[in-house]
Amino acid sequence: MQLPLTGACQCRNVRYEIRREPLTVYVCHCTECQRQSASAFSLSMIVLREAVAVVAGEPKEWQRRTDSGRMVSCVLCGDCGVRLYHNPQGNRAITIVKPGTLDDTTWLRPVGHIWTRSAQRWFDIPADTVNYDVQPPDFSRLIEAWSAQRQAPH
């Protein structure tokens with residue numbers, strides 16, 4: 001992983017940078033992420049909100065209410081529609097980036113899975129990761145697992 005991390009939407013009109021290391025990377029199996037990604041799950045990467053900067057283009061924002069009742073500001077390209085990240089209003093210190101939009105994804109290795117009760121039946125949840133059947137009460141265990149993974153010899 002080389003900082004700053006850089007990424008873009010599919011049409012490349014909106015580009016962003018992440019100027020500090022991520023706090024964690026995990027897989028979300030909630031039905032909203034399945035719909036948003038048009039797939040079985042979505043990768044999520046938590047970063048400090050202050051570390052994210054749009055460096056080209058002007059993304060659009062869309063507000064939505066989560067199943068838990070919390071509001072989230074979704075940031076996406078107004079041209080191609082790709083979601084780049086979202087900002088939870090309940091925790092203004094973090095941004096949740098969609099790491100599939102990064103220019104280099106070769107280093108991504110999720111440390112956990114959330115909303116496993118909504119996972120597609122054909123997908124096997126690894127037993128050796130930090131897993132929650134619903135939304136975790138906080139991300140501390142996922143952050144700890146990420147830190148341990150980053151410090152382990154490769």
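Charges were assigned to the Cβ only: +1 to each Lys and Arg, -1 to each Asp and Glu. The resulting dipole of the chain about its Cα centre is roughly 260 debye. Is the range 1-56 rounded, prolate or oblate when judged by the Cα gyration tensor, a ≥ b ≥ c being the square roots of its eigenvalues, rounded requiring a/c under 1.5 and prolate requiring a/b larger than b/c? Because a/c hits 1.5 or more and a/b fails to exceed b/c, the range 1-56 counts as oblate. What share of the DSSP beta bridges in the range 1-52 is antiparallel, in percent to the nearest 5? Among the beta bridges of the range 1-52, antiparallel pairing accounts for roughly 100 percent. The local environment of S39, defined by Cβ-Cβ distances under 14 Å, has a net charge of +2 under the rule Lys, Arg +1 and Asp, Glu -1.
Would you mind counting up the charge near Q10? Only other residues with Cβ under 15 Å from its Cβ, with Lys and Arg at +1 and Asp and Glu at -1. Spell out each step's value before the answer.
Working: positive: R12, R15, K60, R83, K98; negative: D79, D103.
So the environment of Q10 carries a net charge of +3.
Looking at the range 16-154, the accessible area is 56 square angstrom per residue; that uses a 1.4 Å probe and ignores ligands, DNA and RNA.
Can you work out D for the range 77-154 in µm² s⁻¹ from Stokes-Einstein, where Rh is the Kirkwood radius over C-alpha pairs, the temperature is 37 °C and the viscosity is 0.692 mPa s?
Numbers: Rh = 14.8 Å.
Answer, rounded: 222 µm²/s.
Based on Cα contacts under 8 Å between residues 6+ apart, the range 59-154 shows a relative contact order of 15 percent. Taking the inverse of the mean 1/r over every pair of distinct Cα atoms in the range 4-154 gives a Kirkwood hydrodynamic radius of 15.8 Å. Counting heavy atoms of the protein chains alone, C33 has an accessible area of about 10 Å² for a 1.4 Å probe. Take Y132: with every protein chain present and a 1.4 Å probe, its accessible area is about 40 Å². Can you give the net charge of the other residues whose Cβ lies under 10 Å from the Cβ of Y132, counting K and R as +1 and D and E as -1? Summing Lys/Arg as +1 and Asp/Glu as -1 gives +1.
Identify the trypsin sites (Lys or Arg not before Pro) of the range 48-146 meeting these criteria: DSSP loop state and at most 13 other C-beta atoms within 10 Å of the C-beta. Could you put the intermediate results ahead of the total?
Working: sites: R49, K60, R64, R65, R70, R83, R92, R117, R121, R141; in loops: R70, R92, R121.
When the trypsin sites (Lys or Arg not before Pro) of the range 48-146 are filtered for loop state and at most 13 Cβ neighbours within 10 Å, R70, R92, R121 remain.
The values are calculated or read from the model by the stated rules, or taken from the named source; none is laboratory data. Every value quoted in this text rests on a predicted model; they were computed, and no experiment measured them. Ideal geometry is used to build each Cβ from the backbone, glycine not excepted, and the neighbour counts take in all protein chains shown. Keep in mind that these areas ignore ligands, DNA and RNA; they rest on the heavy atoms of the full protein, side chains included. Shrake-Rupley method; radii C 1.70, N 1.55, O 1.52, S 1.80 Å.
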